[in-house]
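Notes follow once the structure below has been shown.
The values are calculated or read from the model by the stated rules, or taken from the named source; none is laboratory data. Computed from a predicted structure; not experimentally measured. Counting neighbours? That spans all protein chains shown, and the Cβs are built from the backbone with ideal geometry, glycine included.
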Amino acid sequence: MNRRIVITGLGAVTPAGIGAPALADAVREGRSAVGPITRFDASNHPCRVAAEVRQFDPADGIRKDQSRYVKKMAKVMAVDIQMAVAAANLAILDCGLPIGDAKANEPVLPTIDHTRFGMIFGTSFIPTELDDLAGPVRASHIDGRFSLKGWGSAGMAQLSPLWLLKYLPNMHACHTGILWDAQGPSNSLTTSDAGGLLALDEASRILRRGGADWMLAGGAESRVNPVMMLRYCLVHRLATANDNPPTACRPFDLDRTGQVSGEGAAVLMIEGSDVAEKRDARIYAEVLGTGAGTTTAGVNACDADGLAVATACRRALAAANVAPSNLGAVVAHGTAFAPQDRSEAAGLRAALGAAAQSVPVTAIKGVTGNLGAASGLAELVTAILVLREGRVSPILNCERPDPEAGLALVVGTPVNMKSELVLITSNAIGGQAAAAVVRLL
Amino acid sequence: MRRRVVITGMGSVTPLGLTVEETWQNLLACKSGIRPNRVFDASTFPTTFAAQVPEFDIARYVKNAADFAKSGRNVRFAAAAARMALEDAHLAAGMFDPTRTGIYLGSGEGTLDFFTLCESIAHGTGEDGKVSAAKFAEMGLKRYDGLQELEQEPNMAANHLAAECGIAGPTYSCLTACAASTQAIGEATDLLRTGELDVMMAGGTHSMIHPLGVTGFNLLTAISTEHKDEPWRASRPFDKDRAGFVLGEGSTIMILETLDHANAHGAKIWAELIGFGSSADAYRMTDIHPEGRGPSAAMRLALADASVKPEDIDYISAHGTGTTENDKVETLSVKLVFGAHAYKVPMSSVKSTLGHLIAAAGATELMTCIMAIRDQILPPTMNLETPDPECDLDYVPNAARKAKVEVCLSNSFGFGGQNDSLVVRRFVP
């Protein structure tokens, strides 16, 4: 079935602010959301900067019965899950589907068949908040030492009975599905940085095979916690430039020192064009094609020839039937971790061929930090809201572009787009790469 | 236009064996894989037993065992199963196009360094009961091994398999709790049907037999705490005295190919994947919809996708966890879909002896369906001693049974509301 897939709703909760427009504004203005870590005392972490999401309320803007549910459940939702729910709510509210009247006992989305509404989220395994474990650990001590026997007999009982559910990687979709009565396919992809775009890839495939008519494609992750920050410090992925946080994340810049951790959620409502046109929906963009690839270089490595990124981009371009020279822009992953940047640049050069010299390439992580599983779709949201004005924003903090990148990196001032076709790509170190080609409308 | 998808290779490590054949024969012989927990000291935990994979040497399976030195149990299981599956499919490197070959795993977390976590937390906890992240980091920086920490991420199994087997196409890793590997195989099937890819390595791997895993399920009272002295009696799907599931671990990996690709290299074909259905309960975080809305939808969708009628199904591999609610609702859902025929379709739960492999459960149960088709025999539901009036179907109680088996339905329902069903059929050219 050659069903066309369109994007009709945007939701984002990012360090740049709440809502997709806040993210777009920050990118347009080149305003970095990276700052010193305030969430916890990071004074002993080698990397002490991050992009944090400020105040948000996942119960905002939704029906009263829904907000009651969210308020009740918030204590068993880790921050990743709360951001996912908030961004999903924004995307659904943005897509223009009528909301049912709770007092009249109407379904939440009375004009759709709820069994034809599903969702795919890119998520991650969420580390337990240290404070949740403090009491149980203390109660586990026997003779002054932490003891597994003590954990079993006394420690574990100090945890909340629902502790496990607060952190499971499928709870983003579970809660969102309950809130919006989405009874169609539901999946949670744990493919790190590639999760968001792979969620779009799978959600599009489900729409194309006729498995649903409406799908949320989302990604959500917080890396701003002591455990993940420590993990990525220990494997030397994070920036070491702590002194001037807004300049810490420098994609494709010669002076880059590593990734800056971020957090956020980005969710799209996508539909079959038949369904969207029938209800006269506002259409932001068409998903022309998606693709994926994987590195074989090892689980903590980036392939030098960029094969994973090249494979993902080639597959997406082929699925979209778009020649690289017809692209108006590329939004790269651009984490500013040197081996990853170099690998991505090599992959883009390989996939774009001669067009690598001319197609403008931008990246937004100087603004947002690395949103992990949310990054690919946050970048897509940016493409939709910023690039459709016809201009490609420069890469924040890319002041001395790496000449070895061999790409038309957008530096300093915006450049004009020559078409409305955009390639977005993400990749996880040691793992998956994903790409999507969209036509902005 | 939709391409036919066949299974050409299987590999598996489970609590009942280190090969597909060994697990299968032990299932038919009614042996149990459930034993006192030897993975860690659980002597003071409410649940002291689990279904554990026997010790094995990873070096027998992989090119370079050192690549797996810091891996968790999940990754090691997956590596062994994947290597056996590729060998079974006779797919040596060079016989598949790396970028037209993918991976789709239902995959869990790696093994947590629990002592370092807890001791660093203890080091960081102040008088107020709050943890200073700075003091946590002070100890953590000295104690944690960064690479071992990375191995906890749930895409690590797929990443290792890509590197180990030279697979460079699309790879996915999902974690929809107990439904994950059924969903993985279903979506992998779709990737082949569209013609985007030739070969998929698909299945699941998981071990939650670690202190936090058992803790989580004990706190939810989802796993059985009974029969400590005879743990093989603890997993009692569909029995009136069932009291929760028994945690298992392991991995089953299958090689799926388009029929054209399989024929091109003269592959032996185990079976054909003909149907996949996927739904969500969208009901409650902790409960299944009492009317079986989600499970019945998944089964109906799978049957429709396979173009078969309920009467065509010879055997159902139940999700059958042994929790009060699951078994009741699954029984009800089967009745909703199958009508009066529900009483004529045998349905068993291999979780009664294998335990619950969580993200690896669905793939392992699909494997038992394929073996049932090969040998024309059904694996039993063990420990079914006291009938439950709400569970009144034919569960193949307590002994394997000869039967005509051509088409099977395999169910998986995940905590959080994901429901997935697959239909597999004897291959007929």
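Quick rundown of the values:
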{"item": "Test result for B:TYR172, modelled with pLDDT of 95 or more and buried (at least 21 other Cβ atoms within 10 Å of the Cβ)", "result": "yes"}
{"item": "The one condition in (1) part of a helix (DSSP H, G or I); (2) out of contact with any His (no Cβ under 8 Å at 6 or more places or on another chain); (3) more than 18 Å from A:ALA239 (Cβ to Cβ) that A:VAL361 fails to fulfil", "result": "(1)"}
{"item": "Filter result (among the aliphatic types (A, V, I, L, M) and either more than 7 Å from every other protein chain (Cβ to nearest Cβ) or in a strand (DSSP E or B) (or both)) within segment B:125-140", "result": "B:VAL131, B:MET139"}
{"item": "Residue in segment A:262-270 that is closer than 24 Å to A:ALA374 by Cα, assigned to a loop (DSSP other than H, G, I, E, B) and in contact (Cβ under 8 Å) with a residue 12 or more places away in the chain present", "result": "yes"}
{"item": "Members of segment A:78-118 that are buried (at least 20 other Cβ atoms within 10 Å of the Cβ), in a helix (DSSP H, G or I), in contact with a Pro (Cβ under 8 Å, 6 or more places away or on another chain) and touching a residue at least 60 places away in the same chain (Cβ under 8 Å)", "result": "A:MET83, A:VAL85, A:ALA86, A:ASN89"}
{"item": "From the options B:THR225, B:THR221, residue that is polar (S, T, N, Q), within 14 Å of chain A (Cβ to nearest Cβ), part of a loop (DSSP other than H, G, I, E, B) and under 21 Å from the mean Cα position of the chain (by Cα)", "result": "B:THR221"}
{"item": "Answer from B:LEU147, B:LEU212 - the residue that is surrounded by fewer than 24 Cβ atoms within 10 Å (Cβ to Cβ), facing chain A (nearest Cβ under 7 Å) and either assigned to a helix (DSSP H, G or I) or among the aliphatic types (A, V, I, L, M) (or both)", "result": "B:LEU147"}
{"item": "Qualifying residue in segment B:377-388 (condition: in the same structural domain as B:GLY186 (by TED's automatic domain parsing), within 25 Å of B:GLY417 (Cβ to Cβ) and either aromatic (Phe, Trp, Tyr) or in a helix (DSSP H, G or I) (or both))", "result": "no"}
{"item": "Qualifying residue in segment B:85-98 (condition: within 14 Å of chain A (Cβ to nearest Cβ), closer than 24 Å to B:GLU149 by Cα and in a loop (DSSP other than H, G, I, E, B))", "result": "no"}
{"item": "Matching entry among B:ILE167, B:ILE185, B:ILE103 (being within 9 Å of chain A (Cβ to nearest Cβ), surrounded by 24 or more Cβ atoms within 10 Å (Cβ to Cβ), β-branched (Val, Ile, Thr) and within 30 Å of A:LEU165 (Cβ to Cβ))", "result": "B:ILE103"}
{"item": "Qualifying residue in segment A:232-253 (condition: assigned to a helix (DSSP H, G or I) and under 20 Å from the mean Cα position of the chain (by Cα))", "result": "yes"}
{"item": "Number of the exception - A:GLU29 against (1) touching a Leu at 6+ places or on another chain (Cβ under 7 Å); (2) under 30 Å from A:MET229 (Cβ atoms)", "result": "(1)"}
{"item": "Test: residue in segment A:24-41 that is more than 30 Å from B:LEU141 (Cα to Cα) and either free of Cβ contacts under 8 Å to residues at least 24 places away in the same chain or not assigned by TED's automatic domain parsing to the domain that holds A:VAL85 (or both)", "result": "yes"}
{"item": "Residue check for A:ASP181: of a type in the set (Asp, Glu) and touching a residue at least 40 places away in the same chain (Cβ under 8 Å)", "result": "yes"}
{"item": "Sole residue being in contact with a Pro (Cβ under 7 Å, 6 or more places away or on another chain), closer than 27 Å to A:ASN225 by Cα and part of a helix (DSSP H, G or I), chosen from A:GLY376, A:GLY334, A:GLY366", "result": "A:GLY366"}
{"item": "Within segment A:125-142, considering residues that are more than 7 Å from chain B (Cβ to nearest Cβ) and within 29 Å of the chain's Cα centre (by Cα), the one nearest to A:ALA373 (Cα to Cα)", "result": "A:ILE126"}
{"item": "Residue match in segment B:62-74 (condition: facing chain A (nearest Cβ under 9 Å), surrounded by fewer than 18 Cβ atoms within 10 Å (Cβ to Cβ), touching a residue at least 12 places away in the same chain (Cβ under 8 Å) and under 30 Å from B:LEU191 (Cα atoms))", "result": "yes"}
{"item": "Extreme residue, nearest to the chain's Cα centre (by Cα), among residues of segment A:174-190 that are hydrophobic (A, V, I, L, M, F, W, C) and at the interface with another protein chain (Cβ under 7 Å from one of its Cβ atoms)", "result": "A:LEU189"}
{"item": "Subset tally (residues that are in contact with a helix residue (DSSP H, G or I) (Cβ under 8 Å, 6 or more places away or on another chain), of a type outside the set (A, V, I, L, M), farther than 25 Å from B:THR258 by Cα and surrounded by fewer than 24 Cβ atoms within 10 Å (Cβ to Cβ)) for segment B:381-429", "result": "5"}
{"item": "Segment A:232-255 - residue that is surrounded by fewer than 24 Cβ atoms within 10 Å (Cβ to Cβ) and charged (D, E, K, R) and, of those, farthest from A:ALA338 (Cα to Cα)", "result": "A:ASP243"}
{"item": "Residues of segment A:114-144 that turn out to be in contact with a strand residue (DSSP E or B) (Cβ under 9 Å, 6 or more places away or on another chain) and of a type outside the set (Gly, Ala, Ser), as a count", "result": "14"}
{"item": "Residue within segment B:359-369 that is within 24 Å of B:ILE209 (Cα to Cα) and within 14 Å of chain A (Cβ to nearest Cβ) present", "result": "yes"}
{"item": "Options B:ASP229, B:ASP241: the member that is out of contact with any strand residue (DSSP E or B) (no Cβ under 9 Å at 6 or more places or on another chain) and either surrounded by fewer than 24 Cβ atoms within 10 Å (Cβ to Cβ) or closer than 17 Å to B:ALA179 by Cβ (or both)", "result": "B:ASP229"}
{"item": "Failed item, numbered, when A:ARG3 is tested on (1) within 14 Å of chain B (Cβ to nearest Cβ); (2) in contact with an Asp or Glu (Cβ under 8 Å, 6 or more places away or on another chain); (3) farther than 30 Å from A:ASP201 by Cβ", "result": "(3)"}
{"item": "Residue that is surrounded by fewer than 24 Cβ atoms within 10 Å (Cβ to Cβ) and not basic (Lys, Arg), where the choices are A:GLY334, A:GLY372, A:GLY353", "result": "A:GLY353"}
{"item": "Condition met for A:SER32 (among the hydroxyl-bearing types (Ser, Thr, Tyr), surrounded by 17 or more Cβ atoms within 10 Å (Cβ to Cβ) and part of a loop (DSSP other than H, G, I, E, B))", "result": "yes"}
{"item": "When residues of segment A:242-267 are limited to those that are hydrophobic (A, V, I, L, M, F, W, C) and touching a helix residue (DSSP H, G or I) at 6+ places or on another chain (Cβ under 6 Å), the one nearest to A:THR111 (Cα to Cα)", "result": "A:VAL267"}
{"item": "Test: residue in segment A:287-294 that is under 21 Å from B:LEU150 (Cα atoms) and either buried (at least 24 other Cβ atoms within 10 Å of the Cβ) or aromatic (Phe, Trp, Tyr) (or both)", "result": "yes"}
